[in-house]
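The values are calculated or read from the model by the stated rules, or taken from the named source; none is laboratory data. Just so it is clear, the structure is predicted and the values come from calculations on it, not from any experiment. Don't worry about glycine lacking a Cβ; one is built from the backbone with ideal geometry, like all the others, and counts go over all protein chains shown.
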Amino acid sequence: MTVRQQTGPPRSAAAPVDFTDFYQAHFHRIAVQLYAYLGDHAEAQDLTQEAFCRTLERWARISGYDDPSAFVRRVAWNLATSRLRRVRTTVRHRARQREEHVPGPQPDRVALTRALATLPANQRRAIVLHHLAQLSVAEIAEQTGAPEGTVRSWLSRGRAALAGYFTETGSEDGRA
């Protein structure tokens, strides 16, 4: 007489063998439990679906369990608990973040941005790096790969173009 080993807990005779039957018999009940736990119907259905997908991958083994629905329920509850932890962590993180209200740009900043947009790219980059980033001519030359004389030329031409722009518009902040 040979003794057959089972891969899981013994299976009861009443449990469905076909995964589709098993799914139809247990999906709603598990989804309702998760809905009560999570308070979000769509999330409960998604997590229940994920638990059944994981069960399907191992169905040959799990179908031999005494209560395969216990496996699905455990997986679903673990997924729901993980989801709640992630949400709680996100909420705590956001609560620690301070919302900083920054006023919009002043009219002179808007005018400068418009004026810079009229310059060729090399002149605009040189002006921004020199006057806003406070880099020296040598540092700009090194960063752009251009000779220092070329950088000085870009700066000179850019400043002249900006002066002309503000003279044409009628004021320093660009408003006519």
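Observations, loosely collected:
- From the options Arg114, Arg61, residue that is in contact (Cβ under 8 Å) with a residue 60 or more places away in the chain and among the charged types (D, E, K, R): Arg114
- Single residue of region 76-88 satisfying the filter (over 10 Å from Ile30 (Cα atoms) and crowded, with 16+ Cβ neighbours inside 10 Å) that is modelled with the lowest pLDDT: Arg83
- Yes/no for Arg73 being assigned by TED's automatic domain parsing to the domain that holds His28, surrounded by 13 or more Cβ atoms within 10 Å (Cβ to Cβ) and assigned to a helix (DSSP H, G or I): yes
- Test: residue in region 148-158 that is over 35 Å from the mean Cα position of the chain (by Cα), of a type in the set (Val, Ile, Thr) and not assigned by TED's automatic domain parsing to the domain that holds Gln24: yes
- Flag if Asp21 is within 24 Å of Thr81 (Cα to Cα) and either small (Gly, Ala, Ser) or modelled with pLDDT of 90 or more (or both): no
- Residue that is under 19 Å from Val87 (Cβ atoms), in the same structural domain as Val87 (by TED's automatic domain parsing) and either within 30 Å of the chain's Cα centre (by Cα) or crowded, with 18+ Cβ neighbours inside 10 Å (or both), where the choices are Glu43, Glu57: Glu43
- Leading residue by the ranking (farthest from the chain's Cα centre (by Cα)) among those in region 15-40 that are more than 13 Å from Trp77 (Cβ to Cβ) and of a type in the set (Gly, Ala, Ser): Ala15
- Taking the criterion of being among the hydrophobic types (A, V, I, L, M, F, W, C) and either assigned to a loop (DSSP other than H, G, I, E, B) or modelled with pLDDT under 90 (or both), the residues of region 131-161 that qualify are Leu132, Ala133, Leu135, Ala146.
- The residues listed here are Gln97, Gln123, Gln143, Gln134; of these, the one that is more than 30 Å from Asp21 (Cβ to Cβ) and in contact with a Lys or Arg (Cβ under 8 Å, 6 or more places away or on another chain) is Gln123.
- Check on Val128, in the same structural domain as Tyr37 (by TED's automatic domain parsing) and either assigned to a helix (DSSP H, G or I) or out of contact with any strand residue (DSSP E or B) (no Cβ under 9 Å at 6 or more places or on another chain) (or both): no
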